[in-house]
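Enquirer: Encoded as structure tokens, here's the structure I'll be asking about.
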Amino acid sequence: MASLGLRLKAAATLTLRSGAAATTISRPCSFGLAKRCRGFCSEPENDVPTSGIGRPLAKILKELNKKVPDSAIKTRVEDGFAMKYIPWHTVNRIMNLHAPEWSGEVRSVTYSPDGNTVTVAYRVTLYGTDAEIYRESTGTTSVNDKGYGDAVQKAEAMAFRRACARLGLGLHLYHEDAL
């Protein structure tokens, strides 16, 4: 199931050390906690199970698949066509609200051989109480593109929004014309 980006949970025991004192935690441990306590933790840095925020993955995905309010959707004109989109900062807030223990990472930044475009690959991971799942996507933009931000920043925002759409967030925008 690794190709689907799905991992089931198991319990973990961590021993946190700070000076002479030691504290033992016997419960599911979040990946974020494990990353923060690296160096103070006796557990190796391999696949650490996550705890979520008390919600199963199915409930998180159900929330993310709900229609985004029209007030959060913006429109831009590109090549003469009006395109609806959700700004990356709004996607970030929705993720924080419905999947508080999500994580995102840039997997790669690749420039085209001629140097005219840049492509960013981005991974979004959701952590539930029963499993974790990730989706990846890419964003590509012209290096010469005018407007706000640099090309890598724009490609990253595009890849982030698309990876979140693969988890259901704002997916209705891709199908609106067909409905």
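Bear in mind these aren't lab numbers, they're just calculated from the coordinates by the rules spelled out. Every value quoted in this text rests on a predicted model; they were computed, and no experiment measured them. Heads up, the Cβs are rebuilt from the backbone with ideal geometry, glycines too, and the neighbour counts pull from every protein chain shown.
Enquirer: Choose one of 77, 115, 103: the residue whose Cα lies farthest towards the positive end of the charge dipole of segment 52-179 (beta-carbon charges +1 Lys, Arg; -1 Asp, Glu; about the Cα centre).
Expert: 103
Enquirer: May I pose another question? Go through 57-63, 103-109, 116-122 and give me the packing order, highest mean Cβ count within 10 Å leading. Write down the numbers at each step before the final one.
Expert: On the way: 57-63: 16.4, 103-109: 13.7, 116-122: 19.1.
So the order, starting with the most tightly packed, is 116-122, 57-63, 103-109.
Enquirer: Right, here's the next one. With 22 Å as the limit, write out which pairs from 74/146; 74/154; 59/154; 84/146 have Cα-Cα distances beyond it, or answer none.
Expert: Values: 74/146 19 Å; 74/154 16 Å; 59/154 31 Å; 84/146 20 Å.
Beyond 22 Å between Cα atoms: 59/154.
Enquirer: Would you kindly derive the ³J(HN,Hα) couplings of segment 69-82 from the backbone phi angles with the Karplus curve 6.51 cos²θ - 1.76 cosθ + 1.60 (θ = phi - 60°), listing them in order in whole Hz, with x for Gly and Pro?
Expert: Values per residue, Gly and Pro as x: x, 4, 5, 8, 9, 10, 10, 9, 9, 9, 6, x, 10, 7 Hz.
Enquirer: I've got another one for you. Output wanted: per-residue J couplings in Hz (rounded whole) for segment 84-90, from phi through Karplus 6.51 cos²θ - 1.76 cosθ + 1.60, θ = phi - 60°, x for Gly and Pro.
Expert: 8, 7, 10, x, 4, 5, 6
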